[in-house]
Amino acid sequence: MDRSISMKLNLSGILSFLLLISAPFSSYLAQIPRASQIPMMFENLRRASTDHDRFILHNDLKTLLRETLDNIDSSEPLAELMAKWPAGIVSAGKGNELVTIISWNSERQDRTQDYGAFVIYGFDNSGQFETLKWTELIHDRNEDPKDESRSYRVDDWPGAIYYDLILTHDGKTPVYTLLGWEGANAQVTRKVMETMVISNDIIRIGVPYLNRPDGIRKRHVLEYSDELQATLRYEPENNRIVLDRLAPSDPSLAGATAFYGPTMTYDEYVWKGEKWEFSSNIAVRNSKDRERNRPYNATEK
């Protein structure tokens, strides 16, 4: 399965051909609105044939987003950016608690991942843009994404594409819970649940709000066979996050997560005022379980 970022090319084939034989790509981009450049940049990232080219295009996309966010002064350009964005984009809250996270990945030839993300926040009480702020999350490939005891700064983020964002409150403190997909490598895939708080413009990811029988954790990581899919989803009607119980295909393979998969048994986290409280063996309706929260960049076989 090709898990590199996929999308439909929105510009004509003729224009794409002219770009290749005429002016430099950067010169052409300067002539069109920033948000309109995004589909083409993603397509070029998807089509890149070497890791060197992917690295350059991945960083070009970061630069475009910085410039775009620096120039947002009303709802229109932000709405256009969100409408054009083909990867992970999630929002939660309203007024000065509104947070939007944009994320994406680039897959290397060895099927490991590079990630990018921007956290947009700082709206005023009416959700306007005079006080708008943003922070870039810097992917650190040296971090262990399986570590559930770690908190992360914005410059040592372990990376993910976020597909859901849930706002709860610990007293008056907004607590944002992120659900993400992490492509890992050719053997395993991960789903990640982690909390985030923003205080005095300082963002912390992985805050101790997950109460499990083995103690308080800052993240919950599901790691399983790359050939399978697993559930990690929010059910707002039940105020809970439902996740698959994973196990190896054979007991002798315990610990070898490349052989782990869903057991058709489910666990949950329920927000109870101060923490996400963990419970095992809960009842779940199976009407949508087969979708398994497919990653944003998956291409159907």
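The values are calculated or read from the model by the stated rules, or taken from the named source; none is laboratory data. No experiment lies behind these values; they were computed from the predicted model shown. Counting neighbours? That spans all protein chains shown, and the Cβs are built from the backbone with ideal geometry, glycine included.
Couple of notes before you dig in:
- Criterion: modelled with pLDDT of 95 or more and either outside the structural domain of Leu246 (by TED's automatic domain parsing) or under 15 Å from Ile101 (Cβ atoms) (or both) - qualifying residue of Pro158, Pro208: Pro158
- Test for Glu268: is it surrounded by 14 or more Cβ atoms within 10 Å (Cβ to Cβ) and either among the aromatic types (Phe, Trp, Tyr) or modelled with pLDDT of 95 or more (or both): yes
- Verdict on Leu78 being over 24 Å from Ile138 (Cα atoms), surrounded by 12 or more Cβ atoms within 10 Å (Cβ to Cβ), at pLDDT below 85 and not β-branched (Val, Ile, Thr): no
- Verdict on Leu45 being free of Cβ contacts under 8 Å to residues at least 60 places away in the same chain, within 30 Å of Glu227 (Cα to Cα) and not assigned by TED's automatic domain parsing to the domain that holds His220: no
- Any hit, region 142-158, residues being touching a residue at least 60 places away in the same chain (Cβ under 8 Å) and of a type in the set (Val, Ile, Thr): no
- Test: residue in region 250-258 that is within 23 Å of Ile89 (Cα to Cα) and either over 15 Å from the mean Cα position of the chain (by Cα) or charged (D, E, K, R) (or both): no
- Flag if Glu274 is at pLDDT below 95 and surrounded by fewer than 13 Cβ atoms within 10 Å (Cβ to Cβ): no
- Residue match in region 8-17 (condition: at pLDDT 75 or above, exposed (fewer than 13 other Cβ atoms within 10 Å of the Cβ) and not polar (S, T, N, Q)): no
Residue-by-condition table, conditions (1) buried (at least 22 other Cβ atoms within 10 Å of the Cβ); (2) out of contact with any Asp or Glu (no Cβ under 8 Å at 6 or more places or on another chain); (3) not hydrophobic (A, V, I, L, M, F, W, C):
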site	(1), (2), (3)
Ile138	no, no, no
Glu148	no, yes, yes
Val154	no, no, no
Ala160	yes, no, no
Asp164	no, yes, yes
His169	no, yes, yes
Leu179	yes, no, no
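- When region 68-87 is filtered for residues that are in contact with a strand residue (DSSP E or B) (Cβ under 9 Å, 6 or more places away or on another chain) and within 16 Å of Trp134 (Cα to Cα), the ones remaining, listed by number, are Leu69, Asp70, Ile72, Leu78, Leu81, Met82.
- Of Ile203, Ile216, all but one fail to be part of a strand (DSSP E or B), out of contact with any helix residue (DSSP H, G or I) (no Cβ under 6 Å at 6 or more places or on another chain) and in contact (Cβ under 8 Å) with a residue 60 or more places away in the chain; the exception is Ile203.
- Residue, modelled with the highest pLDDT, within region 280-289, restricted to residues that are in contact with a Phe, Trp or Tyr (Cβ under 8 Å, 6 or more places away or on another chain) and closer than 25 Å to Tyr176 by Cα: Ile282
- Candidate set from region 113-136 (those that are among the hydroxyl-bearing types (Ser, Thr, Tyr) and either surrounded by 15 or more Cβ atoms within 10 Å (Cβ to Cβ) or closer than 16 Å to Ile202 by Cα (or both)); member that is modelled with the lowest pLDDT: Thr131
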